[in-house]
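Read-outs throughout are calculated quantities, based only on the coordinates presented, and are distinct from any laboratory measurement. Treat the numbers as computed from the prediction; the structure is a model and nothing was measured.
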């Protein structure tokens, strides 16, 4: 019983430290009927605390690069790695957005908030291809936000306005921007489960082995 407890403790410890080890990258799936994608944001290692959020102060990471794929239905589709992110001035936040003349943004990722609120009204601005810019942002909070919890995209091409990501299968404002488990976390969890299974198997086999040797 003690061995099983130790195995469970080891597995729980591995799961607890996994997010910390992967704290500089966060992956998300975007599942709309007019926009789909899988994006991994690379961030600075340390979160910024006491930022104005949806309801009180929150913490957020500054996004420094983006990798993944996206497909605007009827529009462009891109696959990109370490796409260049437009870095705002220091001090930009949801209610003090950077403005480059075409987009407002702050590149803040609120990993502690659910669903579409992971990005504020400024969101992240990056360039998945030379000359092409894409802005992903949430409508839940921020300067000028409609406070509707909807997820949006805009680009410097045909989709330069604020385009809501629509989910025709669930049109009631459900989250279309959802986190994807990190591979490292899944690996550690799987390793812990396998280890626990081996411990249980060995304990189950020991009595049979002793009976055989005594015969």
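Computed over every Cα-Cα pair of region 112-181 and binned at 5 Å starting from 0, the pair-distance distribution P(r) comes out as 3, 17, 26, 24, 18, 9, 2, 0 percent.
The mean sequence separation of alpha-carbon pairs under 8 Å and at least six residues apart, normalised by the residue count of region 23-181, gives a relative contact order of 21 percent.
Segment residue 29..residue 162, full-extension length gain: 45.9 nm, with 0.36 nm per residue of separation and the alpha-carbon distance subtracted. Between residue 96 and residue 78, residue separation times 0.36 nm minus the direct Cα-Cα distance comes to 3.5 nm. When the Debye formula is applied to the Cα atoms of region 23-181, each taken as the same point scatterer, what base-10 log of I(q)/I(0) results at q = 0.13 Å⁻¹? Each listed q maps to, in turn, -0.52.
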